[in-house]
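Comments concern the structure below.
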Amino acid sequence: MGKEREYWLLKTEAGEWSWEDQAANGGVTEWDGVKNKQALNYLKSMKLGDLCFFYHSGPKARRVVGVVSVIRQWYYSDSAGGGAVDVKAIGEMRRPVDLKEMKADGGLKDFAMFRQPRLSVVPVQKSVWDRICELGGGIEESCVENDGALFGGGAEMHTLVVGAGGSLRFAEHLNRSWRNTLSCRPFSDSSYSNQSRGGLPRFYSDVLPPNKGGIVRVEGDEFWHMTKVLRLNVNDRVELFNGKGCLIKGSIQNIDRTRLDVVALEDLKTVALQSIQWHVFAAFGTLKGGRADWLVEKCTELGANSMTPLLTERSPSISENRVDRLQRVIVAATKQCQRLHEMTMAPPIKIACILPVVARTKLAFVATAEGTPIISALSTLRKESNGLMIIGPEGDFTERELNMMKEAGATAVALGPHRLRVETATIALLATLMLWSDS
């Protein structure tokens with residue numbers, strides 16, 4: 001018998017990492033930054049499949065808003081500043097449960113969070129868990145794809161609701177036939193589950209064998225994803241790509257504790273870049289929470305060739321740790337959207353340094369409220385092999401910065417009558433340019 005599932009509560013400032021950020025990040029994130037020794041010990045105690053309330057802290061929002069599941073136990077990571085666990089969104093509370101409401105409820109008098117309100121990781125008794133779920137009216141399923149194994153068998157699950165006895169019985173919300181379609185091993189040797197552009201799960205590998213029969217070793221995060229998340233096994237088929245347009249189909253040959261080998265089932269395939277290659281320069285260094293993650297993820301999905309953090313007077317820096325994290329976001333998004341050419345994350349650059357690039361690029365756009373409407377601007381231009389787009393920081397470019405770019409040759413374009421956030425403007429402009437490129 002394995003260890004029974006345990007329950008926890010994870011606190012986060014809504015302005016730093018909200019439920020919306022968690023859901024927009026593909027539902028998965030590494031939970032790091034815990035400094036308190038007791039809270040850190042709790043984090044280290046979490047096991048695969050444990051469930052956690054997602055709790056918004058801070059003066060304006062103290063409430064349980066959703067549920068996440070632990071999908072990777074404690075591990076050390078330089079990018080995480082020491083260590084973390086990985087969690088995945090299971091669903092949002094149908095009604096957020098406020099701190100005042102919980103304190104007023106007699107059934108929650110033994111809740112550990114009331115005794116130690118400053119801890120960011122708190123254990124939750126099963127009775128307390130059930131009562132909070134009841135107060136929240138159950139959980140609206142969202143963000144979950146192949147997590148059927150978390151819930152056992154039972155009744156159909158589209159919305160997780162409170163049972164007649166008042167407890168949220170996860171084991172009763174998944175019927176056997178539906179669970180089979182969400183098996184943790186959907187990609188077997190004999191049957192593939194269709195993805196948007198192919199039937200095999202795809203993983204990243206720097207090195208690929210050039211010929212059929214060649215063997216490549218997979219370690220690290222991709223090994224973990226294959227064996228612990230998707231639970232792939234020997235003889236299961238996969239695709240490996242290197243982010244440079246190369247792809248092989250292979251079969252898992254053997255697995256040990258920290259790595260596995262994949263044997264190529266065909267010769268290496270190479271796919272050339274197509275359409276206009278758009279290079280994005282965006283001043284997103286000041287974005288908080290998961291907004292920068294979301295921005296980079298969506299630029300990857302839309303097909304940007306490169307992303308460069310732009311340093312301006314109003315957004316003068318971006319941390320190296322953040323750039324490292326965004327690189328991992330790119331890899332995950334590349335796999336998800338089935339790209340073969342990985343978007344490049346370039347080092348941060350100052351405006352003065354991009355002026356020569358603007359000067360020699362025929363398609364160079366800078367977003368500004370006073371520009372020509374983007375559709376009108378595109379109607380007079382011819383397509384080229386490369387182009388670039390520039391998005392300013394919160395508060396926009398200074399007049400001096402904007403004039404420098406226009407004098408270098410950038411076309412000032414407007415994206416509509418409303419004031420847009422950095423990430424909204426970036427995605428709006430990139431999506432328009434990508435559609436124009438493919439038209």
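The values are calculated or read from the model by the stated rules, or taken from the named source; none is laboratory data. Note that the structure is predicted; figures quoted are calculated from it, not measured. So basically every Cβ, Gly included, is an ideal-geometry build from the backbone, and we count neighbours across all protein chains shown. Ligands, DNA and RNA are stripped out before the accessible areas are found, and what is left, the full protein with its side chains, is counted by its heavy atoms. Shrake-Rupley method; radii C 1.70, N 1.55, O 1.52, S 1.80 Å.
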Practice task
Hey, can you tell me all the residues within segment 328-344 that are over 12 Å from Asp293 (Cα atoms) and surrounded by 19 or more Cβ atoms within 10 Å (Cβ to Cβ)?
Solution key: Thr334, Lys335, Arg339, Leu340, His341, Glu342, Met343
Practice task
Select from segment 325-353 the residues that are in contact (Cβ under 8 Å) with a residue 60 or more places away in the chain and touching a strand residue (DSSP E or B) at 6+ places or on another chain (Cβ under 6 Å) and write down the one among them that is nearest to Glu399 (Cα to Cα).
Solution key: Ile349
Fill in the blank from the handout: Flagged pairs (Cβ under 8 angstrom, 6 or more apart or on separate chains; first in segment 50-63, farther than 15 Å from Val122 by Cα; second open to solvent by 10 Å² or more (accessible area, probe 1.4 Å) and in a loop (DSSP other than H, G, I, E, B)) are Gly58/Ala14; Gly58/Gly15; Lys60/Ala14; Ala61/Ala14
Problem - Residue count, segment 261-320 (criterion: closer than 29 Å to Arg202 by Cβ and among the hydroxyl-bearing types (Ser, Thr, Tyr)) - result: 5
Fill in the blank from the handout: Of the candidates Ile391, Ile375, Ile318, the one satisfying the condition of being touching a Gly at 6+ places or on another chain (Cβ under 6 Å), in contact (Cβ under 8 Å) with a residue 24 or more places away in the chain and more than 30 Å from Leu208 (Cβ to Cβ) is Ile318
Practice task
Taking the residues in segment 288-311 that are open to solvent by less than 10 Å² (accessible area, probe 1.4 Å) and in contact with an Asp or Glu (Cβ under 7 Å, 6 or more places away or on another chain) as candidates, determine which candidate is nearest to Trp19 (Cα to Cα).
Solution key: Gly290
Handout entry: Conditions (1) small (Gly, Ala, Ser); (2) closer than 30 Å to Arg314 by Cα; (3) open to solvent by 70 Å² or more (accessible area, probe 1.4 Å): number failed by Ala282
Key = (3)
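So which residues in segment 203-241 are part of a strand (DSSP E or B) and open to solvent by 20 Å² or more (accessible area, probe 1.4 Å)?
Tyr204, Ile215, Arg217, Glu219, Arg237, listed by residue number.
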